[in-house]
Amino acid sequence: MSFDALRPRLTSGRPLVLDSDTGAAFRARGSALDTPGSLGVMLRERPAEIRAHYAAEVASRVDVLSALTADTTPRALAEVGMHHRAAALTSLAVELALEAAASSTRPVAVAGVLGSDMVTPIAADRLREELEEHAARLAAAGCELVIARGQGSQIGLMAAVAAAARSELLTFAVVECDARGRLVTGTSLSELVFAVADAGAEAVLFEVPSVDAGLECLSELGLVDAEPPTPGVLLGSSAESVRGFPDREGVAIHWVDRALELGGAGARIIGGGAGTTESHTRALAAALGVLHPSSPPRHTPKLEGKP
């Protein structure tokens, strides 16, 4: 499996590169996935657009490719009358991602995404059941790991992590933070981090709008006595970026200059947060390859903004 080759980098060497803001990447190409069920329609009627997205992410030299599975649940697909196609469309989303990963000359792990902001909240017991069923679909489809999201809800995040862990897949938990490095849920950072670790998360990814916020999270995590999960950061294109919308003003080369500070502060996984596209992860992968020549890229992509 691809992640077996990548796992040692959770502790040393070049940090792993996770892909960009999916919604922003699609919107930058002129497509929008901003209504319930829109992903299901695209998977069924325009799979070439999904393939193009995966190919662009792999070409940017990401180590972990996120399969578009957040909104292939029956509840999300019910909005377009395709709730009965949840298993088939989830399988297709993962299959296309695995094909893109297999086309790479280096290891690329495929992650399923669990947790959606496209659907309305439901009772905790129903949410838990829905997430467990979807996590089982992700495992059956061939995902190597799960990226669990709570979309600003601690209850949702804990349910997603527990469901992913029950599937026995490696789990990364996304913890959303504000500009000061504080959790958007208002919970103590260390309390939530260790709660998701106890629930089965092997890594925690702080989703932040700025490098300073990311450094604050990493610093606070480093002050606790117990052994924390592997830390990572999903860095927004700018402090003003909105998830799902490309940051037209941001320049990837300026973003990556500071993103590298996160690796120096202990982040073992770095990815694109709100407003980022493949140009950001391409610049990041190239810059990390220069800093860690022991595992050089086969070719060095030109950084945006450089001649």
Within the stretch 121-147, considering residues that are part of a loop (DSSP other than H, G, I, E, B) and more than 29 Å from residue 56 (Cβ to Cβ), the one nearest to the chain's Cα centre (by Cα):
121
Looking at the stretch 76-86, can you tell me whether even one residue there is out of contact with any Pro (no Cβ under 8 Å at 6 or more places or on another chain), closer than 22 Å to residue 276 by Cα and either of a type in the set (A, V, I, L, M) or open to solvent by 10 Å² or more (accessible area, probe 1.4 Å) (or both)?
no
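Please specify each residue of the stretch 148-176 satisfying the condition of being assigned to a strand (DSSP E or B) and either open to solvent by 10 Å² or more (accessible area, probe 1.4 Å) or over 22 Å from residue 208 (Cα atoms) (or both). Steps first, please.
Initial filter on the stretch 148-176 (assigned to a strand (DSSP E or B)): 148, 170-176.
Matches in the stretch 148-176: 170, 176.
Let me confirm something: among 184, 119, which residue is out of contact with any helix residue (DSSP H, G or I) (no Cβ under 9 Å at 6 or more places or on another chain), modelled with pLDDT under 95 and not small (Gly, Ala, Ser)? Give the derivation first.
Details: 119 fails: out of contact with any helix residue (DSSP H, G or I) (no Cβ under 9 Å at 6 or more places or on another chain).
None of the other options fit; the residue is 184.
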Just give me the residues in the stretch 240-276 being more than 19 Å from residue 178 (Cα to Cα), modelled with pLDDT under 90 and of a type in the set (Lys, Arg), in sequence order.
248
Please specify each residue of the stretch 221-269 satisfying the condition of being within 15 Å of residue 291 (Cβ to Cβ), open to solvent by less than 40 Å² (accessible area, probe 1.4 Å) and touching a strand residue (DSSP E or B) at 6+ places or on another chain (Cβ under 9 Å).
259, 262, 263, 266, 267, 268
The listed residue being more than 14 Å from residue 43 (Cβ to Cβ), surrounded by fewer than 23 Cβ atoms within 10 Å (Cβ to Cβ), at pLDDT 95 or above and not hydrophobic (A, V, I, L, M, F, W, C), out of 99, 95, 132:
132
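Looking only at residues that are of a type outside the set (A, V, I, L, M), under 16 Å from residue 66 (Cβ atoms) and modelled with pLDDT of 95 or more in the stretch 102-116, which one is surrounded by the most Cβ atoms within 10 Å (Cβ to Cβ)?
Start the filter on the stretch 102-116 by keeping residues that are of a type outside the set (A, V, I, L, M), which leaves 103-107, 112, 115-116.
Subset that is under 16 Å from residue 66 (Cβ atoms): 104, 107, 112, 115-116.
Next, only the ones that are modelled with pLDDT of 95 or more stay: 104, 107, 112.
Working: 104: 17, 107: 16, 112: 30.
Filtering the stretch 102-116 for residues that are of a type outside the set (A, V, I, L, M), under 16 Å from residue 66 (Cβ atoms) and modelled with pLDDT of 95 or more, the one surrounded by the most Cβ atoms within 10 Å (Cβ to Cβ) comes out as 112.
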Residue count for the stretch 42-51, restricted to those that are open to solvent by less than 50 Å² (accessible area, probe 1.4 Å) and without any contact (Cβ under 8 Å) to a residue 40 or more places away in the chain
1
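The values are calculated or read from the model by the stated rules, or taken from the named source; none is laboratory data. Quantities reported herein were computed from a predicted structural model and do not represent experimental measurements. As a convention, Cβ positions derive from the backbone with ideal geometry for all residues, glycine included, and neighbour counts pool all protein chains shown. Surface accessibility is based on the protein's heavy atoms, side chains included, excluding ligands, DNA and RNA. Shrake-Rupley method; radii C 1.70, N 1.55, O 1.52, S 1.80 Å.
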